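What follows is calculated from the coordinates using simple rules that are stated; it is not laboratory data. All values reported here derive from a predicted model rather than from experimental measurement. Note: ideal-geometry Cβ built from the backbone for every residue, glycine included; neighbour counts use all protein chains shown.
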Amino acid sequence: MNNTTTENDPLKDLVYIKEMMEKSSRVISLSGLSGVFAGIFAIAGAVVAQIYLTSIGRNYQDFANNMTVDILNYNAIIFLITDASIVALLSVGCGVYFTYRQSQKKGLKIWDNTSKRLLVNLFIPLAAGGIFCLILFYYNLFVLVAPCTLLFYGFACFNAGKYTHDEVRYLGISEIALGLLGALYLGYGYAIWIIGFGLLHILYGLLMYFKYERGK
Amino acid sequence: MKNIIKNINKAFESRVRLGIMSILLVNQEEDFNELKESLELTDGNLASHISALEKLEYILVNKEFVGKKTKTTYKVTSLGKKEFNEHLRALEKLISKK
């Protein structure tokens, strides 16, 4: 491509302008596969939590029935938080790996102003949500943890979506809606959490994969 | 038709300048190295286009010290924004005329 003159082709000029605007303001290497794997890890983590709760004679419904009663002991809380942290770490790890791979393929830098903006916008709502959920654990409000993780994750994605593919923004809106639903129907928190972190991640991940990566 | 041609801005005939303006418009401000990497240009090439746009008062250059190094950032002026938008509209009209 001749990069110095416009060859008087207005269409090519407009395409170029759009491309430069997108490339310089959005992380276009964000890989859909990271979403797919995050979804799989989330479902696995939720199953592990369910098996553990059953093994100690509890089920998710108990949280909704006895809201502020101390029904989880210290060990159980540590187990659940560790389970969630492992899921989060694996998901972030996979996300970074697949995005790095994608940026290599496209010949783009992975660490630039765009990715910094993306991470700041993602992590501020996310960190606030994480701390808020720890506070919920502290007050034994276990039943609110699942809807709150969905809500804050939704805010984070909605906010960060400006700096990457639009699908992330739509994912954010979906998570917010699910979080609100989960807060209204407390007993269904477990199912709604699996839909939000499991199925939606896989769905949007595949959507992004087929739209931006496969065969490109 | 005459009108459209009039709005096609000679200053934006080079693709590099289109690129500089596009990047600065979506990002508010950017430094020299970011621009250089996004546009895949040499220092000299980018500098000459930047000074041309600066002379037209389409972009604003801001130099500041970060530690011992100077950091140069660029911004689009309101004139630059207006001219670029008019150029964009003219390009769009040219396409719809075809």
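Observations, loosely collected:
- Phi-derived couplings, Karplus 6.51 cos²θ - 1.76 cosθ + 1.60 at θ = phi - 60°, listed residue by residue for segment A:45-50: x, 5, 5, 4, 4, 5 Hz, with x used for Gly and Pro.
- Compactness check for segment B:39-98: Cα Rg over 2.2 N^0.38 Å is 1.48.
- Rg/Rg_ref, segment A:30-83, where Rg_ref = 2.2 N^0.38 Å and atoms are Cα: 1.40
- Dipole-positive endmost among A:Leu136, A:Gly45, A:Gly154 within segment A:30-213 (Cβ charges, Cα centre): A:Gly154
- For chain A, the longest principal axis of the alpha carbon atoms and the long axis of helix A:145-160 meet at an angle near 10°.
- Spin-label zone in segment B:78-94 - amide nitrogen under 20 Å from a point set 7 Å from the Cα of B:Glu57 along the C-beta vector: B:78-87
- Calculated P(r) of segment A:61-182 - Cα pairs past 26 Å, %: 30
- Net charge of Cβ neighbours under 14 Å - reference A:Phe98; Lys, Arg +1; Asp, Glu -1: +3
- When only alpha carbons are used to place a centre, segment A:127-195 and segment B:48-98 end up 41 Å from one another.
- Estimated translational diffusion coefficient (Stokes-Einstein, Kirkwood radius over Cα pairs, 4 °C, 1.567 mPa s) of the protein assembly as shown: 58 µm² per second.
- Positive contributions from Lys and Arg (+1) and negative ones from Asp and Glu (-1), summed over other residues with Cβ under 14 Å from the Cβ of A:Glu175, come out at 0.
- Amide hydrogen neighbours beyond the local backbone of B:Glu29, cut-off 5 Å, H modeled: none
- Cβ-Cβ FRET estimate between A:Ile135 and B:Asn85, R0 fixed at 45 Å, reported to 0.05: 0.40
- Net charge dipole size for the protein assembly as shown [Lys, Arg +1 and Asp, Glu -1 on Cβ; Debye, nearest 20]: 1020
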